[in-house]
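Some notes on the structure that comes next.
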Amino acid sequence: MSTGESVTLNLTVLVIGTGNITNIVNVTTDEPNTGDPDDNETVIVNDTVNVSIVKVANVTVVSVGDNVLYTITVTNNGLTNATGVFVIENLTNNSKVQFVSANASKGSYNNVSGIWNIGDLGTGESVSLNITVLVVGNGSILNVANVTTNEPNTGDPEDNETVTVNNTVNVSIVKVANVTVASVGDNVLYTITVTNNGLTNATGVFVIENLTNNSKVQFVSANASKGIYNNVSGIWNIGDLSTGESVTLNLTVLVTGTGNITNIVNVTTDEPNTGDPDDNETVVVNDTVNVSIVKVANVTVVSVGGTVLYTITVTNNGLTNASGVFVIENLTNNSKVQFVSANASKGSYNNVSGVWNIGDLGTGESVSLNITVLVVGNGSILNVVNVTTDEPNTGDPEDNETVVVNDTVNVSIVKVANVTVVSVGDNVLYTITVTNNGLTNATGVFVIENLTNNSKVQFVSANASKGIYNNVSGIWNIGDLNTGESVTLNLTVLVTGTGNITNIANVTTKENNTGDPDDNETVTVNDTVNVSIVKVANVTVVSVGDNVLYTITVANNGLTNATGVFVIENLTNNNKVQFVSANASKGSYNNVTGIWNIGDLSTGESVSLNITVLVVGNGSILNVVNVTTDEPNTGDPDDNDTVTVNDTVNVSIVKVANVTVVSVGDNVLYTITVTNNGLTNASGVFVIENLTNNSKVQFVSASTSKGSYNSGTGVWNIGDLSAHESVSLNVIVLVVGNGSILNVVNVTTDEPNNGTPTDNVTVVVNDTVNVSIVKVANVSVASVGDTVVYTITVVNNGLTNASGVYVVDGLDYSKLQYVSSNAGIGSYDPSTGKWVIGNLAAGKTTTLNITVLVTGTGNILNIANVTTDEPNNGTPTDNVTVNVNDTVNVNIVKIVNVTTANVGDTVLYTITVSNNGLNNATGVYVIDNLDYTKLQFISANATRGEYNATTGLWTIGNLAAGEILTLKITTLVTGTGNILNLAKVITDEPNTGNDSDDAEVTVNKTQEPEPEEELEPQPKPQPIPQPDPQPKPQPIPQPNPQPDPQPIPQPEPQSKPQPISSHASMKTTGIPIILLVITLVLGGITVIRRKD
């Protein structure tokens, strides 16, 4: 740049922010510069907004009662956001309208204070408020709305709207009649209702209702709830009618002509009326008569053969003469009556056609017809008559009369028996005959012959010529019985009691019965009994000193109770026995007199007497007993028994074992006891107990209380055994085989022995094995995805081979997955969980290894059971528990689309959450709080769940294994420096994955260059005043968090420089001045960076 040369650069900028704008420029040269190398300029930006308000109504003219919709629109037309925006629209100051509703696109409206609080209004933003009001007053409605902002406002802060209210009323009239169809001479009530349906009072109200113009009606009366009605002029003068008021006028008229009566009314008001001012009602007058018919009979109940007099009366109850009148009364259709005679007061009756032709019937006229009939059938006689006229008839055209015919029959019953005298046990045949002696068939006929009420007979059989007899209910159901018909029932009974048997039978019919409805028969029973006696002894051969038990049984085998029963059994006459004891099931026995007094003995009853005697002599003992009764006895009254006394001994043997169930290898102790229970000494006594014949036991030892035992021959030689002496032998054996061990012993004596010479005992050898199972796992704690090896060991600890051995080990497939198995014996089926081993020899051990994959969390309890064909006294069950850690593997990755940005740029954060484990994760959420000192939230988009920009919470919920979700957050850079953003994922379960990640963006620091002034040659450069130190930049106020943040208007992209408005001159050197300017600007930026 030549000496003295001056160049200029003009820079035009657009102000887009408020406050002081200080701009510094620096000039740099290749040479050292003693001039003022920098300068600055400050521009103050006014903090103003441009907010305007517009108010419009949906109508310009309305009526009272209409709704008006006001729409108030507030728009920020400037480039600066407005704050503290509110509108005053106070409807409470206007008495002509009432608030109905309000709807604001932003903020809230309070209809009491009239304030619409908008808050902040972004540049270019437009909001609206719709207010609906009800018009309640007349005249013009002027409504003004004002908008206010925190900042100075250069827009239109006020607007108004005027609506004109028409001065009308809404009065309507309704007319109704109490009938739609009437007859001449009827009254009709008209009700006229006038209602003010509007919100404005009506004045000068009157109704025109002129009945004098209608020749078909005559005025009767009028009653008005308000005002006065003049029936001559037909005007109902109401006067004023307040809003909502309703008044009525009731008019009663007399119908004097036929045809349609149409009546019109009109209402008139002083004000214009928007309601319905007129109404009409039409009543149709019918051309009808009122003729009624009545029919009565002189009786209500008759019998066949009686006569009935019917009187039929026809009356014209109306005001109109009836013509073509006739009655239909056709008796030929009724088979229960026959025509006798008829007499009509007017017209003629034809008994063949049943028509009574009357002809004309004047108003008020009444005529009658008398008809006499003969009753020839049973049942109810319903007779209907109808009257018909040429004109429509409003009277009662029909009537009927019912006469009941007595329905009687003549049915009789006779009962006879085939005998008059019988004995208990005999059969009696009763014959019951039922006959219809009348001329009328009988229905519903049944006979009650109840034998269950007679304790002296029992039913044997029944045979009915008609119908069915039920011996339980005693009912013989006959049904219908025609006139002259006769039916019989034969009943056979067994006599079971004594005395007179009187039996009654009754017949019943549906009809009244004039016959003999019951009969009876008496049979006399002879008074005899059938009592027998039996005597038996418990033995036929005894020895001296033995006891003999005699049992005497007395039974009543007849059907009659016996009284005064006793038995003579006198043992005092027999010197070979001595009385020991007696026990009677009934009564008492006296051993001195030998009488057993029984008393009464019911039919079928059996009683017994047990007498025990001691044998004291040899020979035959003959004993005779007799039974006696008060009644003649047809049974067996005596019996006897003989016992022979032998020269015998009574030696018995008993064998017991100390156990009933043993196992192979156990010892068994047998104890054999021999006892002489008699009174005679026994000689040559020996016992055979041969264990050598039993392959399941081996002899161990023996000991005797008397005599000697030879284990080789199995003979225990006792010798003599005195009366009442008892000796024993203990034999110990070893069990060597399975199954039941039956051991029999016999005692032998030189004398005949009436004791118990043989006894046995059975010991059961358990066919058991001792097989046990043990189950272990290679780990006690695992995680999902680990493999676990279960080892199951089965051992036969017993001495017996086990067969049919198998193990059931069902895996918990909700938490495990089968991998493989390896069995020492047999094979394992993972689908059934069954390991089939088969035979397992004594002392043998086998194992099964099962490898599984853990797929679920929680405690895994695994139970193994071993089963054998034989009873098993080992340990058949074992289990092991593996605890699976309840962890998940959820990872988070956060990336940003740029690493370097400028203020005003948009930055997109992408957060990816993935479940890399095998377990589903629950309660998953991510915390990602944005740095609102440098960022502003624009929008968020999640593949699932929602992101709350206020709390920074992205709620995911459940995250299945293998599932991947993403969240994209778009932000606007509003501050400089490094922006480090951290995202953290949290789960309900312990998480082994990477639960946090961050992304960093560096925001470049930029500074707007100051526009340079055009340089002019200066005689001497003046010192350039230095700018005041700049205050520290204040943080940008953040907007209040919104539930659904709205997209923020983006600034114009700055990536492409805008053209600079400049004018640079060029010297003769040919170097463009613009290059110098660029050099100066770049030098200034360098200086600024150095200062930073």
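So here's what we get for this one:
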quantity	calculated
Near pairs, Cβ below 8 angstrom, 6+ apart or cross-chain, from the stretch 707-725 (under 24 Å from Asn650 (Cβ atoms) and outside any strand (DSSP E or B)) to any residue that is among the β-branched types (Val, Ile, Thr) and modelled with pLDDT of 95 or more	Gly707/Ile718; Gly707/Val727; His724/Thr675; Glu725/Thr675
Qualifying residue in the stretch 518-531 (condition: closer than 30 Å to Ser303 by Cα, more than 60 Å from the chain's Cα centre (by Cα) and either not polar (S, T, N, Q) or not assigned by TED's automatic domain parsing to the domain that holds Thr642 (or both))	yes
Residue check for Gly904: within 23 Å of Gly856 (Cα to Cα), of a type in the set (Gly, Ala, Ser) and either surrounded by 17 or more Cβ atoms within 10 Å (Cβ to Cβ) or not assigned by TED's automatic domain parsing to the domain that holds Asn859 (or both)	no
Some residue of the stretch 248-260 being hydrophobic (A, V, I, L, M, F, W, C), without any contact (Cβ under 8 Å) to a residue 60 or more places away in the chain and either farther than 24 Å from Ala224 by Cα or assigned by TED's automatic domain parsing to the domain that holds Ala182 (or both)	yes
Strands (runs of 3 or more DSSP E) completely within the stretch 285-344 that count 2 or more residues being modelled with pLDDT of 95 or more, surrounded by 15 or more Cβ atoms within 10 Å (Cβ to Cβ) and over 60 Å from the mean Cα position of the chain (by Cα)	291-297, 307-316, 322-328
Flag for Ser95 being more than 17 Å from Val56 (Cβ to Cβ) and assigned by TED's automatic domain parsing to the domain that holds Thr243	no
Given (1) without any contact (Cβ under 8 Å) to a residue 60 or more places away in the chain; (2) in a strand (DSSP E or B); (3) not basic (Lys, Arg), index of the condition Thr832 fails	(2)
Hits in the stretch 207-217 (condition: part of a strand (DSSP E or B) and either modelled with pLDDT under 90 or of a type in the set (Asp, Glu) (or both))	Val217
The stretch 734-778, subset under 26 Å from Gly804 (Cα atoms) and outside any strand (DSSP E or B), residue modelled with the highest pLDDT	Asn770
Residue among Val541, Val554 that alone is crowded, with 16+ Cβ neighbours inside 10 Å and of a type in the set (A, V, I, L, M)	Val554
Matching residues, the stretch 460-493, being exposed (fewer than 14 other Cβ atoms within 10 Å of the Cβ) and among the polar types (S, T, N, Q)	Ser461, Asn463, Ser465, Asn470, Ser473, Asn482
Selected residue (only one of Asp120, Asp156 is charged (D, E, K, R), part of a strand (DSSP E or B) and in contact (Cβ under 8 Å) with a residue 24 or more places away in the chain)	Asp120
Matching residues, the stretch 784-800, being closer than 27 Å to Gly993 by Cβ, of a type outside the set (A, V, I, L, M) and in contact with a Gly (Cβ under 9 Å, 6 or more places away or on another chain)	Gly785
Residue check for Glu281: of a type in the set (Asp, Glu), over 60 Å from the mean Cα position of the chain (by Cα), at pLDDT below 95 and surrounded by 13 or more Cβ atoms within 10 Å (Cβ to Cβ)	no
Of the criteria (1) on the phi > 0 side of the Ramachandran plot; (2) within 58 Å of the chain's Cα centre (by Cα), which one Leu129 fails	(1)
Wholly enclosed strands (runs of 3 or more DSSP E) of the stretch 358-475 bearing at least 2 residues small (Gly, Ala, Ser) and assigned by TED's automatic domain parsing to the domain that holds Val340	366-375, 379-388
Single match in Val283, Val247, Val253, Val302 (criterion: within 30 Å of Val367 (Cα to Cα) and among the β-branched types (Val, Ile, Thr))	Val302
When residues of the stretch 50-94 are limited to those that are in a loop (DSSP other than H, G, I, E, B) and among the hydroxyl-bearing types (Ser, Thr, Tyr), the one nearest to Val127 (Cα to Cα)	Thr80
Of all residues making up the stretch 651-677, the number that are polar (S, T, N, Q) and part of a strand (DSSP E or B)	6
Complete set of residues in the stretch 852-886 that are over 15 Å from Val805 (Cβ atoms) and not in a strand (DSSP E or B)	Thr855, Gly856, Thr857, Asp886
Condition broken by Asn770, with the remaining ones in (1) within 30 Å of Asn991 (Cβ to Cβ); (2) touching a Gly at 6+ places or on another chain (Cβ under 6 Å) satisfied	(1)
Breaking point among (1) closer than 20 Å to Asp399 by Cβ; (2) outside any strand (DSSP E or B); (3) of a type in the set (Val, Ile, Thr), for Val352	(1)
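Table: residues versus (1) part of a strand (DSSP E or B); (2) of a type in the set (Lys, Arg); (3) crowded, with 17+ Cβ neighbours inside 10 Å.
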{"residue": "Ile911", "(1), (2), (3)": "yes, no, yes"}
{"residue": "Gly923", "(1), (2), (3)": "yes, no, no"}
{"residue": "Val926", "(1), (2), (3)": "yes, no, yes"}
{"residue": "Tyr932", "(1), (2), (3)": "no, no, yes"}
{"residue": "Tyr947", "(1), (2), (3)": "yes, no, yes"}
{"residue": "Thr950", "(1), (2), (3)": "no, no, no"}
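The rows are residues; the columns are (1) touching a Ser or Thr at 6+ places or on another chain (Cβ under 8 Å); (2) modelled with pLDDT under 90; (3) among the hydrophobic types (A, V, I, L, M, F, W, C).
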{"residue": "Leu982", "(1), (2), (3)": "yes, no, yes"}
{"residue": "Thr987", "(1), (2), (3)": "yes, no, no"}
{"residue": "Ser996", "(1), (2), (3)": "no, no, no"}
{"residue": "Thr1002", "(1), (2), (3)": "yes, no, no"}
{"residue": "Lys1005", "(1), (2), (3)": "yes, yes, no"}
{"residue": "Pro1009", "(1), (2), (3)": "no, yes, no"}
{"residue": "Glu1016", "(1), (2), (3)": "yes, yes, no"}
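Each row is one residue, and each column tells you yes or no for (1) at pLDDT 95 or above; (2) closer than 30 Å to Val531 by Cβ.
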{"site": "Ala442", "(1), (2)": "no, no"}
{"site": "Leu451", "(1), (2)": "no, yes"}
{"site": "Asn454", "(1), (2)": "no, yes"}
{"site": "Ser461", "(1), (2)": "no, yes"}
{"site": "Ser465", "(1), (2)": "yes, no"}
{"site": "Ser473", "(1), (2)": "no, no"}
{"site": "Ile478", "(1), (2)": "yes, no"}
{"site": "Asn490", "(1), (2)": "yes, no"}
{"site": "Asn500", "(1), (2)": "no, yes"}
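For (1) among the acidic types (Asp, Glu); (2) at pLDDT below 95; (3) on the phi < 0 side of the Ramachandran plot, each residue gets a yes or a no:
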position	(1), (2), (3)
Asp809	yes, yes, yes
Tyr813	no, yes, yes
Ser831	no, yes, yes
Asn859	no, yes, yes
Asn865	no, no, yes
Ile895	no, no, yes
Thr906	no, no, yes
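One line per residue, one yes/no per condition, for (1) buried (at least 17 other Cβ atoms within 10 Å of the Cβ); (2) within 30 Å of Asn859 (Cα to Cα); (3) not assigned by TED's automatic domain parsing to the domain that holds Val854:
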site	(1), (2), (3)
Thr899	no, no, yes
Asn916	no, yes, yes
Trp954	yes, no, yes
Gly957	no, yes, yes
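The values are calculated or read from the model by the stated rules, or taken from the named source; none is laboratory data. Small disclaimer: the values here were computed from a predicted structure and weren't measured. Ideal geometry is used to build each Cβ from the backbone, glycine not excepted, and the neighbour counts take in all protein chains shown.
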